[in-house]
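Peer 1: Below you'll find the structure I mean.
Read-outs throughout are calculated quantities, based only on the coordinates presented, and are distinct from any laboratory measurement. Please read all numbers here as calculations on a predicted model, not as lab measurements. Here the Cβ positions follow ideal geometry from the backbone for every residue, glycine too, while neighbour counts run over all protein chains shown.
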Amino acid sequence: MFNKNKQAVRLSEQGVSVGFVRGFKIIFILFVTVSAVAWSVIKITDPQTLPITKVRALGDFSFVTEEMLHKALSDGVGQQDDIKTEIDILENKGFFNIDVDAIKQRVETMPWVKQASVQRVWPDTLIIEVVEHKAVAYWNNKGLVSEFGEVFYPDKETYPKALPRFVATEGLVENCLRYFNDATEMFAAINLKILKVKFSPRQALTLTLDNDVELNLGRQNKLYRLQRFTQVYSTLSERITLIERIDMRYTNGFSVKWKQRQAKGRLYNEVTSGRENV
């Protein structure tokens, strides 16, 4: 009986020892694993481990330059005329800890940039793809209008030459673009171009053509009046250089203001008819 109790105690002690060793091994393995993971995280986020050494800019560039991109990425660090190298711009930034969203937002603050995308390419490359605005008109002497009706404000030194001009209150830029596009399409057949699109505060539309004639379309039925103008233009084309303004705000006709009083004649009486509308 005594021997049996002694054996039981010995077995119990052995079980405790085995359990302790087994628990210690588990804790040790967990410690080593956590330490390895922590070390790996620290190591891969260290810019010296996988530094960005190449920056590639993609896109059809007309106004955005590499120097502009470098300045944007440098976040204003350094002198205005001190263009940093690609590696300097990304100093203290590695493959895993570089903030591509912040770079995208920074690049998209550039006036000529419509949108940008930024991606990392293993193991050391950053690719920035840029889509530029395409300017179609000047906006109120202080900005440009894109083909999608967006107003942006680059330096005037970068403005393209010989664009049409949109003059209107804020909020009417899309109206200007829509009627400019419609009129441009209609005028192609009669070989006319538009120099200026102007909306009054009451949204009356006036176009200035490349023959210096002002075309008054008023506030109503603008497309219909444009169509009527294209239909009667052949009647006026031979004397168009004598005309200052054409007013299409009539029910069944239009009026003409001549540059010189003596230019008035039979033609003026024939083309003026109907009641003036707005």
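Peer 1: Mind pulling up the Rg/Rh value for segment 136-271? Radius of gyration and Kirkwood radius, both on Cα. Write out the running numbers ahead of the final one.
Peer 2: Numbers: Rg = 15.7 Å, Rh = 15.7 Å.
For segment 136-271, the value is 1.00.
Peer 1: Which loop GluC sites (Glu not before Pro) in segment 157-227, with loop taken from DSSP, have no more than 15 other Cβ atoms within 10 angstrom of their Cβ? Please report the intermediate quantities before stating the final value.
Peer 2: On the way: sites: GLU157, GLU170, GLU174, GLU185, GLU214; in loops: GLU170.
In loop regions of segment 157-227 (DSSP not H, G, I, E or B), the sparsely surrounded GluC sites (Glu not before Pro) are GLU170.
Peer 1: Expressed as a rounded percentage, what relative contact order does segment 130-262 have, with Cα pairs under 8 Å and six or more residues apart?
Peer 2: In percent, rounded to a whole number, it is 14.
Peer 1: Right, next: Using a Förster radius of 45 Å, what is the FRET efficiency between TYR153 and ARG56 based on their Cβ-Cβ separation? Nearest 0.05, please.
Peer 2: Numbers: r = 28 Å, r/R0 = 0.62.
Step by step, r from the Cβ atoms, then E = 0.95.
Peer 1: Filter the trypsin sites (Lys or Arg not before Pro) in segment 159-195 to those in DSSP coil with at most 12 other Cβ atoms within 10 Å of their Cβ, and list the result. List each step's numbers first, then the result.
Peer 2: On the way: sites: LYS161, ARG165, ARG178, LYS193; in loops: LYS161, LYS193.
Hits after loop and neighbour filter: LYS161, LYS193.
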